[in-house]
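The values are calculated or read from the model by the stated rules, or taken from the named source; none is laboratory data. It should be emphasised that the depicted structure is a prediction, and the values quoted were computed from it without experimental measurement. Positions of Cβ are generated from backbone atoms using ideal geometry, with glycine treated the same way; all protein chains shown enter the neighbour counts. Remember, those area values only see protein heavy atoms, side chains included, never the ligands or the DNA or RNA. Shrake-Rupley method; radii C 1.70, N 1.55, O 1.52, S 1.80 Å.
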Amino acid sequence: MKKVLSYLKPFKALILISVVAVFLQALTELYLPTVMSYIVNRGMAKGDIAYILKMGAEMLIIALLSVICAVTANYFFARTSMGYGKVLREKIFTKVEYFSRDDVDRFGAPSLIVRSTNDINQLQNFILMGLRIMLMAPVMSIGGILMAMRQNKTLTTIIVIVIPFLIVGAFLLVRMLLPFFTMMQTKLDKLNQILREKLSGIRVIRAFNKEEYEKRRFDAANIDLMKTTMKVNRILASLMPVMQFGFNFAVIVIVWLGSHHISAGNMEVGSLMAFVQYLTMIMFAMVMASMMMILIPRAMASAKRIEEVLNTESTVIDPLKPQKWADEKGHLQFLDVSFSYPGAAEPVLKHITFETKPGETTAIIGSTGSGKSTLIKLISRLYDVTEGSILLDGADIRQVEQESLRDKIGYVPQKAFLFSGTVADNLRFGKEDATEEELMEALDIAQAKDFVLEMEEGLYAPISQAGTNLSGGQKQRLAIARALVRKPEIYIFDDSFSALDFKTDAKLRQGLKRVTKEASIIVVAQRVSTIMKADKILVLDDGEIKGMGTHEE
């Protein structure tokens, strides 16, 4: 909780203004019943209209000041809350950006989304409402008791006896609710996960007629969350009637005892009215404090989940003293590399040794699950090797900055992913200052120029999220063009030609030769025709190199 709250430091000035405004609002509201008692006791009792008007004007000014203070406090608390949420989202987003694949998998994408949205919203609500209540409630309670004592010390004893019971009850309630709010956020993660899977896999679900199964699966998670939420709300619902009963009972006792004091001449009517108002203020402050019983446990649970992300150190980190690159460009070497996924019983890759030089094409082929894609991920340090080392331009990739390493790589993933925006936006993803001529050249080589020009807006035609308005082959060609625009030292094609027909595949490979003469190319493929002309072919099986050489060899 401390680390999460430490991000409030930039908003200290706003919080200070809000605190002063809340304090002034509380003082003005506490003074109003006293002014009213003066009007009743002195003005009305003596029929002094001038005094009544004078004190009435004073009440109006105080009430106006109270409104101004309330608006000021709400405004600055809102600015603090929204700014704080922005800072937290930025911190989490930046942190997750530098997570390794292992770190992301450990939390899970659905959980990271909920932590970045719902959990931060809970903390925002706590700042917006909670801080104001935390300041207002004690000032109103203590101030109300002191002002009530000025009216009648004997009656104040009743209030002093009741309040400790309410505070103890509230504390016990917080302890009871905290585990439930943690459970609610975890169950919200689960619900989000099922919903994401349903939306992402909608075509598979329909193809296998699994709509009813997915509906039952979603309903089960939804009902589970609903039951936990209802259990929490039942506990919270019991709080308000108990407090209202205590409040109403205290009012009855005070009015009854106050009437005896008035009959005995020990108290005036205006003082009793003021006392009842102070009692109302005290009880209202306690009701506000009871609202904190909702906000505090949820905020604590959410803060803990956010801190888990912020305190996680990535398993792939930059060295303190980064190594410099040699003059070579794109010389890649695997030296006795082995790799195991965390918790795996056996390594996925075993003793991999090969090298590829600028101007060479190294192809990797093998059955599904042989470790081809895993090998590719090691080059860009999405994971770190378990044993051995990978050298690029004479430097161990673990001893250079990740950003510097990835600047040398043009990567086309197995599943082509495009971002929402335009064709040009996607192509410039690796090189922001690329000219239209460079974009068109890359599209021409990737055999994507024709279908892009056929679009109504050409380079600036809209691309929907994940490229759902394009075919698989079109997405692959745009992903290849995106890598070509970057003009890197190493091109990595992870089964990136699978959705292309043989003719397009051949034309594309022919075009690649013209622009990649000075770069290293690594191609992962299933088709033999795609890799026949590679300078070196690695045959992977069960994570080991079973053969290495040209196609003829």
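Numbers below:
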quantity: Fraction of antiparallel bridges per DSSP, the chain only, in percent to nearest 5; calculated: 50 percent
quantity: Share of carbon and sulfur in the accessible heavy-atom surface of the stretch 276-361 [1.4 Å probe, %]; calculated: 58 percent
quantity: Dipole-positive endmost among Phe76, Thr94, Ala57 within the stretch 47-95 (Cβ charges, Cα centre); calculated: Thr94
quantity: For Gly421, distant residues with modelled amide H under 5 Å away; calculated: Ile463
quantity: Additional length obtainable on full extension of the chain from Leu199 to Glu307, 0.36 nm per residue less Cα span; calculated: 36.0 nm
quantity: Within the stretch 264-317, chymotrypsin sites (Phe, Trp or Tyr not before Pro) in DSSP loop having at most 13 other beta-carbon neighbours inside 10 Å; calculated: none
quantity: Placed amide H near Ile537: partners under 5 Å, 5+ positions off or other chain; calculated: Ala363, Gly549, Thr550
quantity: Cα-based convex hull volume of the stretch 107-197 per residue, rounded to whole Å³; calculated: 98 Å³
quantity: Net dipole in debye of the stretch 310-363 [+1 Lys, Arg Cβ; -1 Asp, Glu Cβ; about Cα centre; nearest 20]; calculated: 80 debye
quantity: Percent accessible area from carbon and sulfur atoms, the stretch 450-505, protein chains only, probe 1.4 Å; calculated: 48 percent
quantity: Potential lengthening between Asn209 and Thr435 on full extension [0.36 nm per residue; Cα-Cα distance subtracted]; calculated: 76.6 nm
quantity: Cα-Cα over 29 Å, subset of Lys377/Lys431; Lys95/Lys210; Lys321/Lys536; Lys2/Lys408; Lys324/Lys449; calculated: Lys95/Lys210; Lys321/Lys536; Lys2/Lys408; Lys324/Lys449
quantity: Leu349 long-range amide H proximity, modeled H, under 5 Å; calculated: Phe339
quantity: Axial C-alpha extent at least 27 Å, average Kyte-Doolittle at least -0.5 - helices from the chain (DSSP); calculated: 12-38, 49-97, 131-151, 153-200, 211-263, 269-310
quantity: Unit charges on C-beta of K, R, D, E only; dipole of the chain, Debye; calculated: 2180 debye
quantity: Stretchable slack from Gln244 to Val19, in nm (0.36 nm times residue separation minus alpha-carbon distance); calculated: 78.2 nm
quantity: Paramagnetic reach from Phe165 in the stretch 137-156 [backbone N under 20 Å; point 7 Å along Cα→Cβ]; calculated: 141-142, 145, 154-156
quantity: Euclidean distance between Cα centres, the stretch 371-404 to the stretch 91-132, Å; calculated: 29 Å
quantity: Mean Cβ neighbour count within 10 Å, used as a protection proxy, ranking 540-546, 432-438, 114-120 highest first; calculated: 114-120, 540-546, 432-438
quantity: Ranked packing of 136-144, 222-230, most packed first, by mean Cβ within 10 Å; calculated: 136-144, 222-230
quantity: Phi to ³J(HN,Hα) by Karplus 6.51 cos²θ - 1.76 cosθ + 1.60 over the stretch 383-388, Hz, x for Gly, Pro; calculated: 9, 9, 5, 7, 9, x
quantity: Cα centre as origin, Lys/Arg/Asp/Glu Cβ charges: the stretch 54-213 dipole, Debye; calculated: 120 debye
quantity: Paramagnetic reach from Thr154 in the stretch 234-256 [backbone N under 19 Å; point 7 Å along Cα→Cβ]; calculated: 250-256
quantity: Sorted peptide list for 27-37, 208-218, 55-65, 413-423, criterion being average Cβ within 10 angstrom, highest first; calculated: 27-37, 413-423, 55-65, 208-218
quantity: Qualifying lysines (Cα of each under 22 Å from Cα of Lys187; at least 8 residues distant if same chain); calculated: Lys198, Lys215, Lys227, Lys231, Lys304
quantity: Diffusion constant of the stretch 226-346 at 37 °C, which comes from Stokes-Einstein with the Kirkwood Cα-pair radius and 0.692 mPa s, µm²/s; calculated: 149 µm²/s
quantity: Heavy-atom surface of the chain, accessible at 1.4 Å and reported per residue (Å²); calculated: 52 Å²
quantity: For the chain, calculated [θ]222 nm from helices alone, where every DSSP H run of n ≥ 4 adds -39500 (n - 2.57); calculated: -21000 deg cm²/dmol
quantity: Virtual spin-label span in nm between Ser420 and Val528, 7 Å along Cα→Cβ; calculated: 4.6 nm
